[in-house]
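Only one structure is covered here, and it is reproduced in the block below.
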């Protein structure tokens, strides 16, 4: 297959944003670690000889090209798959939205690991409770409210983030809603009252035939607490 | 002027990576908030009518185009200013490196604000001490060691991150070293022993005529504790 995706098997994580783009486009991809285990992921990251070693998964191998960083991968495939505007200004806008989603995902992760990814949740639970309180009160409403406004201000008034056709930021925003619902069901139910356009976009993406087929397939990893979005009851009281 | 940069005046922050690209390229730019205060920054962010509202500064206005997210701005100007490779694979690699620097900067910021940007340092000092210990022991060596390896594995063996000519990731890596030296002088002195290529790159960038002139000018904001890189003695024992 032309496209080889390197990401942790069984984990949505950052790889999921890339998977959703491939699935919506109907482009087949080789999930290398699903097929062969995680060894090949580490091989390129640890290589002392390749010119472009990736810092972390996900990364995409296309021929001799190795493309790392989720948003960078989407920037590359988005244009090729018809999931981004064609003109430069539109491509930059799509990428800008994706980078803001990247920032949000990092903050969502750090709710449960505010001190260190090297420590267990229980070792940083008190700090996690404080950070999550701020996240739910301030950061999540700010980020999600921003995307709600982006949909509202889209001159096409299409209910999508950009123009009249589905682009990769729509798929990513769908995944953000999925993740927030998993991690913070109570808080997200409250937040959604102020996010009617975002919820409508989520529901519309979920019904896209290829996305619906993907979500029902065993290619879609389940949510669990070895991922970015995690459900800890202590963080969703 | 053709390029209007919107960022907080007197703060290096994320805007500094953009300023360094303009300065090295010798392209003049209008620092809107230096000239007119911060009002205009908020105007575009809060607008309920523009199609592409930025989430946060820095953003760059070029004619009708508003480009947000630091790495996205550098992706745009890099190619135009001769500060990025011309072919697509090289541009993606430069952008990938910048996005990894973006990740590092966020982690450097969160050392002093691990709980919330809405709280004072003193209100999260205990958590900051724990997070910083992990940052100095694990995260900073991992990120900086990665960039050291990128320079070592550059097939051109030029002492730069990419090819034989200075690109924007070199300027950004220079700024990271500057920031780390300001924030963690003791820890960084230890780390630098294992980063000879990175230190040499830093010194080489500092001597570039336009960069040296910029650093000596009053356009370069000073370091201080209202920025991303902050010096708190409690975090650098």
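The values are calculated or read from the model by the stated rules, or taken from the named source; none is laboratory data. These numbers come from a predicted model, not from an experiment. Please note: Cβ atoms are built from the backbone with ideal geometry, for glycine as well, and neighbour counts cover all protein chains shown.
Structure notes:
- Restricting the stretch A:138-162 to residues that are at the interface with chain B (Cβ under 10 Å from one of its Cβ atoms) and touching a residue at least 24 places away in the same chain (Cβ under 8 Å), the residue that is farthest from the chain's Cα centre (by Cα) is A:152.
- Note on the stretch A:30-137: enclosed helices (runs of 4 or more DSSP H) holding 2 or more residues that are at pLDDT 95 or above, touching a helix residue (DSSP H, G or I) at 6+ places or on another chain (Cβ under 6 Å) and more than 8 Å from every other protein chain (Cβ to nearest Cβ) are A:32-36, A:70-80, A:88-112, A:125-134.
- Filter result for residue B:152 (within 29 Å of residue A:50 (Cα to Cα), surrounded by fewer than 17 Cβ atoms within 10 Å (Cβ to Cβ) and modelled with pLDDT of 95 or more): yes
- Residue identified as in the same structural domain as residue A:182 (by TED's automatic domain parsing) and without any contact (Cβ under 8 Å) to a residue 24 or more places away in the chain among A:52, A:113, A:109: A:113
- Scanning the stretch A:163-198 for residues being surrounded by fewer than 15 Cβ atoms within 10 Å (Cβ to Cβ) and either in contact with a helix residue (DSSP H, G or I) (Cβ under 7 Å, 6 or more places away or on another chain) or farther than 20 Å from residue A:231 by Cα (or both) gives a total of 5.
- Residue list for the stretch A:8-29, restricted to those being touching a strand residue (DSSP E or B) at 6+ places or on another chain (Cβ under 7 Å), surrounded by 22 or more Cβ atoms within 10 Å (Cβ to Cβ) and in a loop (DSSP other than H, G, I, E, B): none
- Whichever residue in the stretch A:63-90 is surrounded by fewer than 16 Cβ atoms within 10 Å (Cβ to Cβ) and in contact (Cβ under 8 Å) with a residue 40 or more places away in the chain and, among such residues, is nearest to the chain's Cα centre (by Cα): A:82
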